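See below for the structure under consideration.
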Amino acid sequence: MLKRLKNWFKKPLSIREEQLQAENIPEHVAIIMDGNGRWAKSRGLPRIAGHHSGMKAVKRITMAADRLGIKYLTLYAFSTENWKRPKAEVDFLMRLPQEFLAIELEDLIKNNVQVRMMGYKEGLPDYTLQAIDEAVEKTRHNTGLVLNFALNYGSRMEVIDAVRAIAEEVKAGRLESAAISEQSLDGYLLSKNIPDPDLLIRTSGELRISNFMLWQLAYSELWFTDVYWPEFMDEHFYEAIREYQRRARRYGGL
């Protein structure tokens with residue numbers, strides 16, 4: 001079990017944090033948290049030890065994002081494809097939200113963090129849903145950082161479901177096909193009411209998106225690192241933000 005740290009958002013800004021451009025902090029950062037299993041294997045540990053250690057990184061980076069004034073932090077916690085993994089590993093992963101929130105929910109509430117879930121509830125164990133639903137309900141009126149867990153999430157299915165819903169609206173006469181736009185499709189996605197990510201981070205050296213927010217990442221800045229997720233520290237996060245701040249976002253223009 002993780003040991004509780006009181007007031008874990010209250011650490012003052014470090015020199016490295018202060019060197020970042022305060023006027024150019026990304027509003028929304030999304031992270032593919034990859035490398036837990038390989039981190040554990042490199043140390044002769046079972047894969048579940050890597051997932052457990054990855055929880056510490058979740059807390060660490062949530063703290064850093066909150067201090068920087070980032071408004072949305074989306075973490076890819078479990079994909080619709082991850083059900084293919086060994087049952088023992090899946091069962092352990094399903095327990096992690098319950099364990100993490102049991103330890104940290106009180107501090108999340110104190111520090112005005114709002115917890116959300118982006119994914120499919122069908123198929124998730126009752127104890128996982130209960131932990132998530134409780135956190136969402138108890139933080140729903142908070143106005144600070146939105147900590148958005150992508151849990152049982154798959155972007156292709158998300159887009160297919162959105163297209164199906166739009167088709168039903170057109171069929172019922174509630175929507176004209178000519179009125180379908182990028183903005184209207186956004187409203188049918190699981191990420192509705194959350195702006196598209198400004199920056200996507202993926203750890204562990206893999207250079208792919210892995211069915212994560214395919215529509216929403218159209219103009220996001222992408223940053224990859226060889227560092228495994230359990231080893232991903234504040235300074236790595238700041239390095240990603242600094243690289244983001246060095247880039248010119250043109251959205252297809254000049």
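Since every read-out is calculated from the coordinates, none of them should be taken as a lab result. All of these numbers come straight from a predicted model, not from anything done at the bench. As a convention, Cβ positions derive from the backbone with ideal geometry for all residues, glycine included, and neighbour counts pool all protein chains shown.
So how far, in whole Å, is the C-alpha centre of region 150-166 from the one of region 95-142?
Centre-to-centre distance over Cα atoms comes out at 21 Å.
Is there a quick way to get the dipole size of region 136-254? I mean about its Cα centre, with the Cβ of Lys and Arg at +1 and of Asp and Glu at -1; what is the value in debye to the nearest 20?
For region 136-254, the charge dipole is close to 260 debye.
By what distance, in whole Å, do the Cα atoms of the chain stretch along each of the three principal axes, largest value first?
56, 47, 36
What pairs from K71/K138; K41/K138; K41/K192; K56/K138 go past 27 Å between their alpha carbons?
Over 27 Å apart, Cα to Cα: K41/K138; K41/K192.
Please give me the summed charge of the neighbours of S184: other residues whose Cβ is under 14 Å from its Cβ, Lys and Arg +1, Asp and Glu -1.
Surrounding charge for S184 is -3.
Pick out which of H141, H52, H236 has the largest mean-square fluctuation in a Gaussian network model of the chain, springs linking Cα atoms closer than 10 Å.
H141
Working out 0.36 nm times the residue gap between I103 and H141, then minus their Cα-Cα distance, what length gain in nm do you get to one decimal?
11.7 nm
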